[in-house]
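S.K.: Can you read through this structure? Questions will come right after.
Throughout, read-outs are computed from the coordinates displayed, never taken from laboratory work. Remember, predicted model here, so these are calculated numbers, not experimental data. All Cβ positions, glycine included, derive from the backbone under ideal geometry; neighbour counts span all protein chains shown.
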Amino acid sequence: MKKELSQFHVVFIVLAYKDVSIDDFFNYSICQVNQAVGLAKLDVKVTVLTRFSLDTIISRDGVEYHFINDGKSTCLKQWQLSKKITNLLFTINPNIIHLHGFRFPRFLNYLLRKNKGKSKVVVEYHSDPIPKKLKWVVARSLKKIDKVIFANFKAAKLWTQTFSLSQSKWAFSIECAPDSKFMKREVARKISRFSGSPIFLWNSRLIPRRDPLTVITGFEYFLKLETHPDSHFYMMIPDCDEALFTKLTQKIAASKLLTNAVSLIKERKPHHEVAVYFNSADYVLSGSLEDGYGYGVADAMSCGVIPIVTNISTFKQITENGSIGSIWEAGNPDSLAQAITIIVGKTFSNIENEALEISKYFESKLSKQVQAKGLIRIYENLFPQSLQRYKATYSQNAKE
């Protein structure tokens with residue numbers, strides 16, 4: 001870490017929130033929280049400004065969180081602003097404003113006009129859908145943004161097709177997975193009561209773009225091969241499309257193989273408990289047709305669970321093109337069955353050591369410490385002079 005980064009000040013802005021308790025905020029927003037904590041551990045000053053149902057300030061793990069009640073609903077309307085956020089922001093005068101998401105174009109445009117170039121502005125893309133009527137607002141704002149952070153090159157390229165975004169403004173970072181901790185399998189399974197040989201896990205919302213019906217079909221094809229008749233598939237689905245859930249349960253009920261080998265867990269588990277369930281599994285399955293960051297897979301990998309995931313750009317990136325675990329053709333259940341058969345055949349006989357290797361890989365490539373260092377490199381590249389000279393210039397501008 002460069003010495004001049006000491007007390008470098010970054011402000012995160014989070015505009016959408018769930019109507020939950022403060023404690024649950026740290027469960028629901030774990031990825032942004034992990035980013036902030038990772039930076040703080042590298043001696044960067046981090047303040048998080050988040051809209052919330054009440055006003056309070058909390059210091060935790062070296063980060064100061066300002067919870068701000070602006071009197072509006074949990075999700076701003078596309079045309080709404082949150083002046084309580086911006087008023088506080090410009091009393092802080094940070095070096096970097098790091099906004100999470102393009103979901104609120106008018107707020108972004110207002111923030112940039114008020115900022116007048118004083119702070120550098122970074123926006124992190126979260127696969128945000130932007131209404132067609134407001135695309136012109138985003139296009140105008142992009143000229144004043146210093147960097148846009150994408151999860152991968154493909155996402156950046158798609159944006160270039162929609163907006164005239166110069167490649168000089170591209171930056172890349174895989175957002176922090178929730179970062180659970182590795183446990184011994186026998187200890188975890190006594191708590192979770194998971195059983196099977198091997199045990200497979202689904203850790204994702206049940207929505208169409210996660211393609212659960214293809215996954216369950218591919219898993220059934222694998223069961224029909226009878227190479228591992230004691231296999232069991234636990235599907236953790238805290239949020240779901242109810243119509244899709246009905247189709248999934250009907251599909252399971254229509255198959256004796258699936259009925260005996262699939263368990264659905266619809267209850268949302270608190271983050272401090274969920275690691276027990278991850279550590280009870282051997283393999284994590286994903287059928288995503290698109291996925292901004294692959295949180296669910298990466299979080300399971302932090303516990304040493306081997307990924308069997310689709311060949312989309314996000315998963316290619318976090319698995320180093322399938323050299324970690326296995327990748328299969330999205331939408332193709334035969335491809336999934338084949339991928340399961342091959343990776344289980346290669347790894348299950350030595351699963352304890354394989355799990356440790358996956359956990360170590362996560363720590364070295366995907367952990368919050370690794371991502372924090374990546375963010376700092378992005379921040380540093382914003383300054384043509386040394387950071388110290390920039391800070392002196394910024395301080396003078398702030399006084400004026």
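S.K.: Over 30 Å between C-alpha atoms is what I'm after, so list which of Lys84/Lys118; Lys45/Lys266; Lys18/Lys190; Lys120/Lys373; Lys157/Lys368 land there.
M.R.: Lys45/Lys266; Lys18/Lys190
S.K.: Would you compute, from DSSP H runs of 4+ residues alone, the mean residue ellipticity of the chain at 222 nm, taking -39500 (n - 2.57) per run and dividing by the full residue count, rounded to the nearest 500?
M.R.: Theoretical 222 nm ellipticity from helices: -13000 deg cm²/dmol.
S.K.: Let me ask another. Using a Gaussian network for the chain with springs between C-alpha atoms less than 10 Å apart, which of these wobbles most: Lys256, Lys116, Lys133?
M.R.: Highest fluctuation among the options: Lys133.
S.K.: Straight-line reach only, C-alpha to C-alpha below 22 angstrom: list the lysines that Lys224 could link to, leaving out same-chain residues fewer than 8 apart.
M.R.: The reachable lysines, counting only those whose Cα sits under 22 Å from Lys224, are Lys247, Lys251, Lys256, Lys346.
S.K.: In region 200-294, which GluC sites (Glu not before Pro) fall in coil by DSSP and have 13 or fewer other Cβ atoms within 10 Å?
M.R.: Answer in residue order: Glu226, Glu267.
S.K.: Taking the Cα atoms of the chain alone, what are Rg (to one decimal) and Dmax (as a whole number) in Å?
M.R.: Spelled out, the Cα radius of gyration and Dmax of the chain are 22.3, 74 Å.
S.K.: OK, next. Taking Lys77 as the anchor, which aspartates and glutamates have their alpha carbon closer than 20 Å to its alpha carbon, excluding any fewer than eight residues away along the same chain?
M.R.: Asp19, Glu124, Asp128
S.K.: Over the chain, what is the relative contact order in whole percent, taking alpha-carbon pairs under 8 Å and six or more residues apart?
M.R.: Here the relative contact order equals 15 percent.
S.K.: Sorting Met183, Met236, Met301 on the 10 Å Cβ count, fewest up front, what's the list?
M.R.: Met183, Met236, Met301
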